[in-house]
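K.L.:
Submitted below is the structure of interest, expressed as structure tokens.
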Amino acid sequence: MTDDDHPTPQAPPEFGLVQAWWGDGKGKTTAALGMGFRAAGHGYRVHLLQFMKGGAASVEDVRGEYAAIDQVAGFTYEHSGHYGWHGFADGSDDADHAAKARGGLERARDLIEGGRDADCSAPLPLDGDAADGVHMLILDEILYAANRGLIDPDDVVALVESKPDGLELVCTGGHERPDYLADVADLVSEVRKERHPIDAGQRARKGTEF
């Protein structure tokens, strides 16, 4: 540890895989965030780009994970989604959802392209710009955006195939199996619902869903 109790910048010895987390159960984003915090705790540079994460009318736009990330050196985030979930009767505009999802895809491309000049096998500045390279990039709900037809699944595949070798890329979201990633993902996990309180009318709860 450094004198200010932040982790010393380190380089991950075995990063470079593509992960896909999908399913109708709760916990996909939570799993990805858990890996992000774990990696940052080792001194690796992590960035979270959230698609489709505005929530519904019952969800505040200030999310608990953002406040937690702000306290962790080497972990940063940004949000590209519309306030309100696509397909929900929340008054949000489908065209706006699509535009913001495409904007998120372009930002993901920029992050991956910017990281091409970085040495992912070496330590990276914990306070460096994410566009200058990270060790782990989490694209939260990108699979949901693809499943909803807001972005083309082929563009997601192209994004995965363009990543630098040492970048750990984590993609989450969607209730439909992302078969388009079958040949390019190294880890595919289905998070299956057995029971969920939302089916009984429970709204999203502060501290568990946001």
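The values are calculated or read from the model by the stated rules, or taken from the named source; none is laboratory data. Given the structure is predicted, the values throughout are model-derived calculations rather than measurements. Here the Cβ is made from the backbone with ideal geometry for all residues, glycine too, and neighbour counts use every protein chain on show.
K.L.:
Assess whether Thr30 counts as being among the β-branched types (Val, Ile, Thr), part of a loop (DSSP other than H, G, I, E, B) and farther than 15 Å from Met136 by Cα. Let's see the steps before the verdict.
P.N.:
Working: among the β-branched types (Val, Ile, Thr): yes; part of a loop (DSSP other than H, G, I, E, B): no; farther than 15 Å from Met136 by Cα: yes.
Criteria not met by Thr30.
K.L.:
Can you give me the number of residues within region 141-177 that are of a type in the set (Ser, Thr, Tyr), modelled with pLDDT of 95 or more and within 13 Å of the chain's Cα centre (by Cα)? Reasoning before the result, please.
P.N.:
Going residue by residue through region 141-177, those that are of a type in the set (Ser, Thr, Tyr) are 144, 162, 172.
In the following step, the residues that additionally are modelled with pLDDT of 95 or more were identified as 162, 172.
Keeping just the survivors that are within 13 Å of the chain's Cα centre (by Cα) gives 172.
Residues that pass the stated criteria total 1.
K.L.:
Filtering region 25-44 down to residues that are touching an Asp or Glu at 6+ places or on another chain (Cβ under 9 Å) and among the charged types (D, E, K, R), which residue is modelled with the highest pLDDT?
P.N.:
Residue satisfying both the conditions and the ranking: Lys28.
K.L.:
Then there's this: Just give me the residues in region 176-210 being of a type outside the set (Asp, Glu), closer than 18 Å to Leu139 by Cβ and in a loop (DSSP other than H, G, I, E, B), in sequence order. Please lay out each step first, then the result.
P.N.:
Filtering region 176-210 down to residues of a type outside the set (Asp, Glu) leaves 177-178, 180-182, 184-185, 187-189, 191-193, 195-198, 200-208, 210.
Adding the requirement that they be closer than 18 Å to Leu139 by Cβ leaves 177-178, 180-182, 184-185, 187-189, 191.
Within region 176-210, Arg177, Pro178, Ala182, Val184, Ala185, Val191 qualify.
K.L.:
Considering only residues that are charged (D, E, K, R) and over 14 Å from Ile138 (Cα atoms), look in region 157-175 and name the one that is surrounded by the most Cβ atoms within 10 Å (Cβ to Cβ). Let's see the steps before the verdict.
P.N.:
Going through region 157-175, the residues charged (D, E, K, R) turn out to be 161, 163, 165, 168.
With the extra rule that they be over 14 Å from Ile138 (Cα atoms), the set shrinks to 161, 165.
Values: Glu161: 10, Asp165: 8.
Of everything passing the filter in region 157-175, Glu161 is surrounded by the most Cβ atoms within 10 Å (Cβ to Cβ).
K.L.:
Follow-up. Exactly one of these conditions fails for Leu137: (1) under 18 Å from Val170 (Cα atoms); (2) in a helix (DSSP H, G or I). Give me its number.
P.N.:
(2)
K.L.:
In this structure, does Ala108 turn out to be touching a strand residue (DSSP E or B) at 6+ places or on another chain (Cβ under 6 Å), under 25 Å from Ser162 (Cα atoms) and either at pLDDT 90 or above or assigned to a helix (DSSP H, G or I) (or both)? Outline the logic, then answer.
P.N.:
Details: touching a strand residue (DSSP E or B) at 6+ places or on another chain (Cβ under 6 Å): yes; under 25 Å from Ser162 (Cα atoms): yes; either at pLDDT 90 or above or assigned to a helix (DSSP H, G or I) (or both): yes.
So Ala108 fits the description; yes.
K.L.:
Going by the conditions given, is Ala145 free of Cβ contacts under 8 Å to residues at least 12 places away in the same chain and not in a loop (DSSP other than H, G, I, E, B)?
P.N.:
On the way: free of Cβ contacts under 8 Å to residues at least 12 places away in the same chain: no; not in a loop (DSSP other than H, G, I, E, B): yes.
In short, no.
K.L.:
Same structure again: Quick check on region 9-22. Is at least one of its residues surrounded by fewer than 20 Cβ atoms within 10 Å (Cβ to Cβ) and within 17 Å of Val156 (Cβ to Cβ)?
P.N.:
Yes, that holds for at least one residue.
K.L.:
Across region 70-105, what is the total count of residues that are modelled with pLDDT under 85, over 18 Å from Asp155 (Cβ atoms) and either of a type in the set (Val, Ile, Thr) or in a loop (DSSP other than H, G, I, E, B) (or both)?
P.N.:
11
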